[in-house]
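Each remark here refers to the structure printed beneath this line.
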Ligand SMILES: Nc1ncnc2c1ncn2[C@@H]1O[C@H](COP(=O)(O)OP(=O)(O)OP(=O)(O)O)[C@@H](O)[C@H]1O
Ligand SMILES: [Mg+2]
């Protein structure tokens, strides 16, 4: 949908608010036109003393009545039109967010958060503003210009012709401003996105910036963007700022000419004084539409650039398509057959993966940093789709399942912990708001959180994160696990989510899982092989390929990688003990 079609569709959809808004606006415009008429006529009558005090009083009251109607109608049009613009802004944000939620994870590695934020916040506002105040001004401008022009012609066609001399010049100016303005607005909006990205990165990484003294570098990058933003904004503002004085200059010049010609007509008695005054008041009225023309024009350019950026997101297709079959339970386990996958960038490949996760077993995934463990897990969650081969759940291709039901069957604890800056209790309730106290106690026990949660200032009601207590890395990881356990899913995937916990605690948690959480099919990714001592099967990945699989004992013998990792970790442990 192009911008004009979008514009029309919005008006059609919200006509119930737009229409009363436009009607009340029209009333304001019409009523406003009576003022010069009344003033002109009164002056004409005063000039020939054809009016008494009563007549003046009535006219005074009429003018007050007109002012009252105008104020009431002004309130109403603002209410109706701004209301519909806010509704459109609300719907646009809702639709963009819905679209964003539907995108695969690869979309977010290509698009930066700050950029997306600026589209959802800033660009939607630019479009909303055009649909609200911009549309009012455009409509007002056209109606007022036509009616005021009509009245001017009624008083004197020849003076109207003189008054309209600058009009073609103004149109030419706008025509030449269009290209540069549109280009600059696009650039301003893109720069705003980049600035948001920088601010977000800098605040999130503030500890590193301070520690590595990156302030200078980061600040230079930020200053560069900020400078460009200032430069482009200045260009736009200068063009904007130039427009009004030019229009004003022309109109004042024309007023000079009109004083000469119009005044001459009054002197010659071919025009009444009151009519001439009324004519100049209409000229005053027509200056506003001419000025508004420039303002609406720049609002339009800004909104059009913003809409192009919004469409950039809305037009993208999600290539991970949900199937129809509902996944109720993982009866027969999951198997990967001849699976190949590569990132779009071609930077990394998973090749010929043939593995099986049997129901109610614990499978470990081991391998060196960057060997593809997280990528492998993401395939099971359908955050990416395989290039060839098949992933089967209960013997059915994973692509046939409804994605929501697939993800509803899996509790996933990602490698990077994310907790909401809210109380511990609310973080757990986020997974299931009806969780009982009994269940809370159990998940905290299994994830080994009981002890430290008890010692927090407000126990389970302690607020964590930005607005509250900062937890240690290991505490955060255990809480994230507890939150995943609340979901009570038949399948749990833990992606190296206990890396900051000591090996004893990790072992204890995994044992808890096996004993107190039996029946669950678990996949545990870990750097620490001690986590796998009790695993039913361990898959060793090496640079995107399965190097070998088996239990701890067999892998110690047959897997070169597992063996060397194990020996290295044994030495580290001995060294630790000696220290
Ligand atoms: N979105 C992506 N686009 C392109 N390449 C990626 C993407 N994500 C990861 N990679 C690359 O794929 C490889 C495997 O990454 P992955 O995160 O799966 O490794 P990992 O085994 O989980 O590592 P770690 O032990 O550090 O968690 C890495 O070389 C990484 O650079
Ligand atoms: Mg990983």
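The values are calculated or read from the model by the stated rules, or taken from the named source; none is laboratory data. Quick caveat: nothing in here was measured; it's all calculated off a predicted structure. We place every Cβ from the backbone using ideal geometry, glycine too, and count neighbours over all the protein chains shown.
Quick one: would you say residue 380 is within 24 Å of residue 512 (Cβ to Cβ) and modelled with pLDDT of 90 or more?
Details: within 24 Å of residue 512 (Cβ to Cβ): yes; modelled with pLDDT of 90 or more: yes.
Against the criterion (within 24 Å of residue 512 (Cβ to Cβ) and modelled with pLDDT of 90 or more), residue 380 qualifies.
If you check residue 338 against the conditions, is it under 18 Å from residue 538 (Cβ atoms), away from ligand 2 (no atom under 16 Å from the Cβ), outside any loop (DSSP other than H, G, I, E, B) and in the same structural domain as residue 534 (by TED's automatic domain parsing)? Outline the logic, then answer.
Working: under 18 Å from residue 538 (Cβ atoms): no; away from ligand 2 (no atom under 16 Å from the Cβ): yes; outside any loop (DSSP other than H, G, I, E, B): yes; in the same structural domain as residue 534 (by TED's automatic domain parsing): yes.
Considered against the rule, which asks whether it is under 18 Å from residue 538 (Cβ atoms), away from ligand 2 (no atom under 16 Å from the Cβ), outside any loop (DSSP other than H, G, I, E, B) and in the same structural domain as residue 534 (by TED's automatic domain parsing), residue 338 comes out as no.
Which one is nearest to ligand 2 (Cβ to nearest atom), of the residues in the stretch 423-432 that are crowded, with 17+ Cβ neighbours inside 10 Å and not in a helix (DSSP H, G or I)?
Taking the candidates together, the pick is 431.
Does residue 441 count as within 30 Å of residue 569 (Cβ to Cβ), more than 16 Å from ligand 2 (Cβ to nearest atom) and surrounded by fewer than 21 Cβ atoms within 10 Å (Cβ to Cβ)? Let's see the steps before the verdict.
On the way: within 30 Å of residue 569 (Cβ to Cβ): no; more than 16 Å from ligand 2 (Cβ to nearest atom): yes; surrounded by fewer than 21 Cβ atoms within 10 Å (Cβ to Cβ): yes.
Here the answer is no, as residue 441 does not meet what is asked.
Does residue 238 qualify as being crowded, with 20+ Cβ neighbours inside 10 Å, assigned to a helix (DSSP H, G or I) and assigned by TED's automatic domain parsing to the domain that holds residue 163?
Answer is no for this residue.
Looking at residue 310, is it over 30 Å from residue 130 (Cα atoms) and more than 16 Å from ligand 2 (Cβ to nearest atom)?
Working: over 30 Å from residue 130 (Cα atoms): no; more than 16 Å from ligand 2 (Cβ to nearest atom): yes.
The answer is no for residue 310.
Return only the number of the condition from (1) in contact (Cβ under 8 Å) with a residue 40 or more places away in the chain; (2) more than 16 Å from ligand 2 (Cβ to nearest atom) that residue 150 does not satisfy.
The single condition residue 150 does not satisfy is (1).
Is the stretch 388-410 home to any residue that is within 16 Å of ligand 2 (Cβ to nearest atom), in contact with a helix residue (DSSP H, G or I) (Cβ under 9 Å, 6 or more places away or on another chain) and assigned by TED's automatic domain parsing to the domain that holds residue 552? I'd like the intermediate steps shown before the answer.
Of the residues in the stretch 388-410, the ones within 16 Å of ligand 2 (Cβ to nearest atom) are none.
Checking the stretch 388-410: not a single residue is within 16 Å of ligand 2 (Cβ to nearest atom), in contact with a helix residue (DSSP H, G or I) (Cβ under 9 Å, 6 or more places away or on another chain) and assigned by TED's automatic domain parsing to the domain that holds residue 552.
Please determine whether any residue of the stretch 470-490 is closer than 25 Å to residue 367 by Cα, surrounded by 15 or more Cβ atoms within 10 Å (Cβ to Cβ) and in contact with a helix residue (DSSP H, G or I) (Cβ under 6 Å, 6 or more places away or on another chain).
Within the stretch 470-490 (the criterion being closer than 25 Å to residue 367 by Cα, surrounded by 15 or more Cβ atoms within 10 Å (Cβ to Cβ) and in contact with a helix residue (DSSP H, G or I) (Cβ under 6 Å, 6 or more places away or on another chain)), the answer is yes, since at least one residue qualifies.
What is the one condition in (1) exposed (fewer than 13 other Cβ atoms within 10 Å of the Cβ); (2) free of Cβ contacts under 8 Å to residues at least 24 places away in the same chain that residue 59 does not satisfy?
Condition (1) is where residue 59 drops out.
Could you pull out every one of the helices (runs of 4 or more DSSP H) wholly within the stretch 105-206 that has 1 or more residues that are closer than 30 Å to residue 94 by Cβ? Give the derivation first.
On the way: elements: 105-110, 113-118, 124-129, 135-155, 157-163, 167-204.
Filter on the stretch 105-206 gives 105-110, 113-118, 124-129, 135-155, 167-204.
Which condition does residue 308 not pass, out of (1) within 15 Å of residue 181 (Cα to Cα); (2) surrounded by 21 or more Cβ atoms within 10 Å (Cβ to Cβ); (3) at pLDDT 90 or above, if it passes all the others?
(2)
Kindly check whether there is at least one residue in the stretch 275-289 that is surrounded by fewer than 19 Cβ atoms within 10 Å (Cβ to Cβ), farther than 24 Å from residue 137 by Cα and free of Cβ contacts under 8 Å to residues at least 12 places away in the same chain.
Taking every residue of the stretch 275-289 in turn, none turns out to be surrounded by fewer than 19 Cβ atoms within 10 Å (Cβ to Cβ), farther than 24 Å from residue 137 by Cα and free of Cβ contacts under 8 Å to residues at least 12 places away in the same chain.
Just give me the residues in the stretch 325-356 being within 24 Å of residue 490 (Cα to Cα), in contact (Cβ under 8 Å) with a residue 60 or more places away in the chain and within 16 Å of ligand 1 (Cβ to nearest atom), in sequence order.
Scanning the stretch 325-356 gives 353, 355.
Hey, residue 318 hits all of (1) surrounded by fewer than 19 Cβ atoms within 10 Å (Cβ to Cβ); (2) closer than 20 Å to residue 134 by Cβ; (3) under 30 Å from the mean Cα position of the chain (by Cα) but one; which does it fall short on?
Single failed check for residue 318: (2).
Taking residue 499, is it more than 29 Å from the chain's Cα centre (by Cα) and more than 16 Å from ligand 1 (Cβ to nearest atom)? Steps first, answer last, please.
On the way: more than 29 Å from the chain's Cα centre (by Cα): yes; more than 16 Å from ligand 1 (Cβ to nearest atom): no.
Considered against the rule, which asks whether it is more than 29 Å from the chain's Cα centre (by Cα) and more than 16 Å from ligand 1 (Cβ to nearest atom), residue 499 comes out as no.
Can you name the number of the only condition in (1) more than 16 Å from ligand 1 (Cβ to nearest atom); (2) out of contact with any helix residue (DSSP H, G or I) (no Cβ under 9 Å at 6 or more places or on another chain); (3) part of a strand (DSSP E or B) that residue 359 fails?
Failed condition: (3).
Which numbered condition trips up residue 165, out of (1) touching a helix residue (DSSP H, G or I) at 6+ places or on another chain (Cβ under 9 Å); (2) within 30 Å of residue 199 (Cβ to Cβ)?
Looking at each condition in turn, residue 165 falls short on (2).
This table checks each residue for (1) at pLDDT 90 or above; (2) assigned by TED's automatic domain parsing to the domain that holds residue 20; (3) out of contact with any helix residue (DSSP H, G or I) (no Cβ under 6 Å at 6 or more places or on another chain); (4) closer than 16 Å to residue 132 by Cα.
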| site | (1), (2), (3), (4) |
| --- | --- |
| 33 | no, yes, no, no |
| 42 | yes, yes, no, no |
| 46 | yes, yes, yes, no |
| 58 | yes, yes, yes, no |
| 80 | yes, yes, no, yes |
| 85 | yes, yes, no, yes |
| 90 | yes, yes, yes, yes |
| 95 | yes, yes, yes, no |
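Give me a count of the residues in the stretch 402-421 that are surrounded by fewer than 16 Cβ atoms within 10 Å (Cβ to Cβ), at pLDDT 85 or above and over 26 Å from residue 526 (Cβ atoms).
Summing the residues that are surrounded by fewer than 16 Cβ atoms within 10 Å (Cβ to Cβ), at pLDDT 85 or above and over 26 Å from residue 526 (Cβ atoms) in the stretch 402-421 gives 3.
Can you name the number of the only condition in (1) in contact with a helix residue (DSSP H, G or I) (Cβ under 8 Å, 6 or more places away or on another chain); (2) assigned to a loop (DSSP other than H, G, I, E, B); (3) within 16 Å of ligand 2 (Cβ to nearest atom) that residue 365 fails?
Result: residue 365 passes all but (2).
Mind checking which residues of the stretch 341-366 are within 37 Å of the chain's Cα centre (by Cα) and modelled with pLDDT of 90 or more? Steps first, answer last, please.
Kept after step one, since they are within 37 Å of the chain's Cα centre (by Cα), are these residues of the stretch 341-366: 341-351, 365.
341, 342, 348, 349, 350, 351, 365 - these are the residues of the stretch 341-366 that are within 37 Å of the chain's Cα centre (by Cα) and modelled with pLDDT of 90 or more.
Looking at (1) within 14 Å of ligand 1 (Cβ to nearest atom); (2) buried (at least 16 other Cβ atoms within 10 Å of the Cβ), which is the one condition that is false for residue 370?
(2)
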